[in-house]
1. Collect the residues in the stretch 272-309 that are surrounded by fewer than 17 Cβ atoms within 10 Å (Cβ to Cβ), over 27 Å from T18 (Cα atoms) and within 23 Å of the chain's Cα centre (by Cα), keeping them in residue-number order.
2. Working only within the stretch 49-76, note down all residues that are within 17 Å of R175 (Cα to Cα) and exposed (fewer than 14 other Cβ atoms within 10 Å of the Cβ).
3. Any residue at all in the stretch 121-144 that's over 17 Å from the mean Cα position of the chain (by Cα), under 19 Å from M57 (Cβ atoms) and either surrounded by 16 or more Cβ atoms within 10 Å (Cβ to Cβ) or free of Cβ contacts under 8 Å to residues at least 60 places away in the same chain (or both)?
4. Criterion first (surrounded by 19 or more Cβ atoms within 10 Å (Cβ to Cβ), over 24 Å from R175 (Cα atoms), within 16 Å of ligand 2 (Cβ to nearest atom) and touching a residue at least 60 places away in the same chain (Cβ under 8 Å)) does A25 satisfy it?
5. S6 is checked against (1) within 16 Å of ligand 1 (Cβ to nearest atom); (2) buried (at least 19 other Cβ atoms within 10 Å of the Cβ); (3) small (G, A, S) and fails just one. What number does that condition carry?
6. Filter the stretch 230-255 for residues that are basic (K, R) and surrounded by fewer than 24 Cβ atoms within 10 Å (Cβ to Cβ) and give the result.
7. Would you mind telling me which numbered condition in (1) touching a Ser or Thr at 6+ places or on another chain (Cβ under 9 Å); (2) within 24 Å of R87 (Cβ to Cβ) L138 fails?
8. List pairs: first in the stretch 170-199 and under 22 Å from A118 (Cβ atoms), second within 16 Å of ligand 2 (Cβ to nearest atom) and in a loop (DSSP other than H, G, I, E, B), Cβ under 6 Å, 6+ apart or cross-chain?
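The values are calculated or read from the model by the stated rules, or taken from the named source; none is laboratory data. Keep in mind the model is a prediction, meaning the values are calculated, not measured. Methodologically, a virtual Cβ is constructed for each residue, glycine included, from the backbone with ideal geometry; neighbour enumeration extends over all protein chains shown.
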Amino acid sequence: MTQDVSLQVNNLRVHYHTQDQAVKAVDDVTFSLYAGERLGIVGESGSGKSTLALALMRLHKPPAKIEGGEVILGETDILKVNREQMRQVRWSEISFIPQGSMNSLNPVMKIKHQMSDAIKAHQQGWTQQKISDRISDLLGRVGLSNSIADMYPHELSGGMKQRVCIALAIVLEPRAIIADEPTSALDVVVQRVVIQTLNDIQQQLNAAMIIIGHDMGLMAQSVDRLAVMYAGKMVDVSPVSSFFNDPLHPYSQLLISSLPSPDEKRELTGIPGMQPSLLDLPSGCAFHPRCPIAVEKCRQQIPPLRQIEESRRTACHLVEEKLR
Ligand SMILES: Nc1ncnc2c1ncn2[C@@H]1O[C@H](COP(=O)(O)OP(=O)(O)O)[C@@H](O)[C@H]1O
Ligand SMILES: [Mg+2]
């Protein structure tokens with residue numbers, strides 16, 4: 001079965017150019033986002049998730065630089081278009097809810113003014129009435145009452161602010177939406193509300209969505225496929241059911257075995273050892289110092305992300321050899 005691809009990322013590399021070396025925050029990342037699917041990207045803090053998301057929007061800032069690769073949206077490689085063309089694609093075709101966005105709403109502007117600014121930036125010539133109608137429509141879509149339009153951010157709870165940010169991201173009904181840690185800093189109940197809001201929006205717009213997070217339990221319930229990042233690389237990609245029932249990569253196996261039970265919330269903290277510094281990566285497979293089954297080859301050769309089954313890819317010499 002072939003599925004329509006909404007976003008195709010090929011061999012993407014993003015480096016931070018520090019004083020004496022390049023930090024490979026996104027290192028040769030390749031994946032597809034299928035039309036209408038929800039893809040989760042998980043990984044420990046510092047593994048390159050936000051850098052990847054920003055690069056997909058071309059919103060990365062120096063010292064980050066895209067060193068190579070392709071980001072194909074529809075028919076277009078958006079890494080090749082000029083700034084003006086990118087400005088037209090951004091928010092209308094692909095949209096983004098940045099990490100921590102609920103804390104970056106303008107504190108001295110009412111919600112309706114922040115939303116009307118976002119609408120006016122793209123829809124010239126709309127009447128005030130049309131803009132107001134659109135604001136109540138957008139608030140309704142994220143489950144907020146129209147009365148919050150007249151409020152300031154400090155009058156809203158964290159979950160409400162996050163839903164305003166989701167509303168701001170869908171002003172132009174994008175085909176693809178990237179949400180970077182949309183539930184961090186919220187309590188468990190509110191996290192579920194926010195995830196449900198994202199799911200509703202994704203279905204209403206029939207959009208493809210990338211949800212970045214580090215809460216495996218929440219991810220298990222809210223995405224179709226999961227991709228795992230480790231030290232700048234994507235090391236495991238799998239449908240969520242097989243990911244949890246039969247994880248392939250030893251890192252994924254450890255992530256899952258550290259989960260108390262499928263329903264409990266758990267963050268990625270339970271793995272022995274430390275994630276390596278991107279400034280001083282181990283030789284071979286970056287995971288080998290923490291891997292319980294590593295062999296000599298793992299110390300010497302970087303395992304490529306290889307297709308293991310029709311819908312699964314993993315970057316592990318031993319998984320590959322076992323299945324050969
Ligand atoms: N402004 C920066 N300057 C230099 N290096 C950075 C900068 N921001 C991030 N990095 C590097 O990129 C890595 C990935 O960061 P990030 O994409 O924010 O990870 P994540 O979102 O997974 O926590 C970090 O571990 C750090 O080494
Ligand atoms: Mg991040």
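1. Passing the criteria: R306, Q307.
2. E75
3. The initial filter retains those residues of the stretch 121-144 that are over 17 Å from the mean Cα position of the chain (by Cα), namely 121-144.
Narrowing the set further to residues that are under 19 Å from M57 (Cβ atoms) leaves 121-122.
Going one step further and asking which of them are either surrounded by 16 or more Cβ atoms within 10 Å (Cβ to Cβ) or free of Cβ contacts under 8 Å to residues at least 60 places away in the same chain (or both), we end up with 121-122.
Yes.
4. So A25 fits the description; yes.
5. Going through (1) within 16 Å of ligand 1 (Cβ to nearest atom); (2) buried (at least 19 other Cβ atoms within 10 Å of the Cβ); (3) small (G, A, S) one by one, S6 breaks only (1).
6. Selection gives nothing.
7. Result: L138 fails condition (1) only.
8. Here the result reads D180/P98; D180/Q99; E181/Q99; V194/P182; V194/T183, each pair linking the stretch 170-199 to a residue that is within 16 Å of ligand 2 (Cβ to nearest atom) and in a loop (DSSP other than H, G, I, E, B).
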